[in-house]
1. Using the heavy atoms of the protein chains alone and a 1.4 angstrom probe, what is the accessible area of segment 73-149 per residue in square angstrom?
2. Please give me the summed charge of the neighbours of LYS190: other residues whose Cβ is under 11 Å from its Cβ, Lys and Arg +1, Asp and Glu -1.
3. What's the extension gain from TYR297 to VAL65 if we count 0.36 nm per residue and subtract their Cα-Cα distance?
4. If r is the Cβ-Cβ distance from ALA164 to LEU107 and R0 is 25 Å, what FRET efficiency results, to the nearest 0.05?
5. Please report the carbon-and-sulfur percent of the accessible area for segment 61-160; probe 1.4 Å, protein heavy atoms only, DNA, RNA and ligands left out.
6. What dipole magnitude, in Debye to the nearest 20, does segment 74-146 give about its Cα centre under +1 on Lys/Arg Cβ and -1 on Asp/Glu Cβ?
Amino acid sequence: MITIPHKAKQFGVFIIKLLIVIAAFYFIYDQLATNDKLDWAKFSALVKEKQSVLGILFLLSFSFVNRFLEILKWQNLVSFIKPIAIGEATKQVLGALTAGIFTPNGLGEYAGKALFYEKTKTKKILFLNLICNGIQLILTIAFGTIGLWFLGYRFWALLILLLAFGFWLLAFGSKKIKIKGYSIEKLIQKINEIPKLIHKKNILLGVCRYLVFSHQYYFLFLAFDVDLPYIIIMANITAVYFLASSLPSFQFLDFAVKGSVAMFFFGKLGVNEWIIVFISTLMWLLNVVIPVIIGSYFVLKFKPKWN
């Protein structure tokens, strides 16, 4: 068996970390520099016209709270294995976010978080991350269905409810059917092993997080002088998040996917296309790019637990 010297391993890990950070920054730059729908001159003129330190801090506070709630969610869930401090949870969440920016639907986040733990805990960490992201997806579907119903897409809302009910019947009616050794019954057992208090806290934090980033979207529309009733804007926002979440995408393309879906809904309300694109881009910058920049530091400082 060939053994790799310790210093060679360290150098190899450093190169991988450096490549992850470079790739993350390249993908961010590429999307901002090559998107022909972003009219920076218009954006600059609007910012100068409405420049407000308090307004900027107000919008930034939503990004901070959004990501902090995600950190609290992870700290809460991973306490099932072992308690970790806020600082450690921050390192794991932001580091994993950076690692997952160029993977489909952020799948790299799963592996990113698992690397912070011993190999023996990999399956548990992957499962907890599935629970963490799963509740956010369920909330997105629930709020999105309500939004579609309110906007008049009642056939699609009913279809989603019927599909969800059908999936529930199928899942619980065939609990013992196994796929590659796994069954619904085993999954339910694993979920029930986690204390109810952790589940309740996870749901509460998930709801709060959804309300935070959806209202940040709402206040950005107000900042761009979109004069529409609160309920109309919020219903469209929930529909946008629901449909965008159902499409396969990469984190670095997130604003393009959400922007396209947003143009479909808000375009019908007469909102200018460039405003929709810029709001989607700003949401991406505030909630993905800034955390990724911070997460890059944690990636470079990362010391793997795996041998």
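The values are calculated or read from the model by the stated rules, or taken from the named source; none is laboratory data. Bear in mind the structure is a predicted one, so any value in this text is a computation, not a measurement. Cβ coordinates were reconstructed from backbone atoms using ideal geometry, including for glycine residues, and neighbour counts include every protein chain displayed. Accessible surface areas use protein heavy atoms only, side chains included; no ligands, DNA or RNA. Shrake-Rupley method; radii C 1.70, N 1.55, O 1.52, S 1.80 Å.
1. Value returned for segment 73-149: 40 Å² of accessible area per residue.
2. +1
3. 81.5 nm
4. 0.60
5. After summing per-atom areas, the C and S share lands at 75 percent.
6. My answer is approximately 240 debye.
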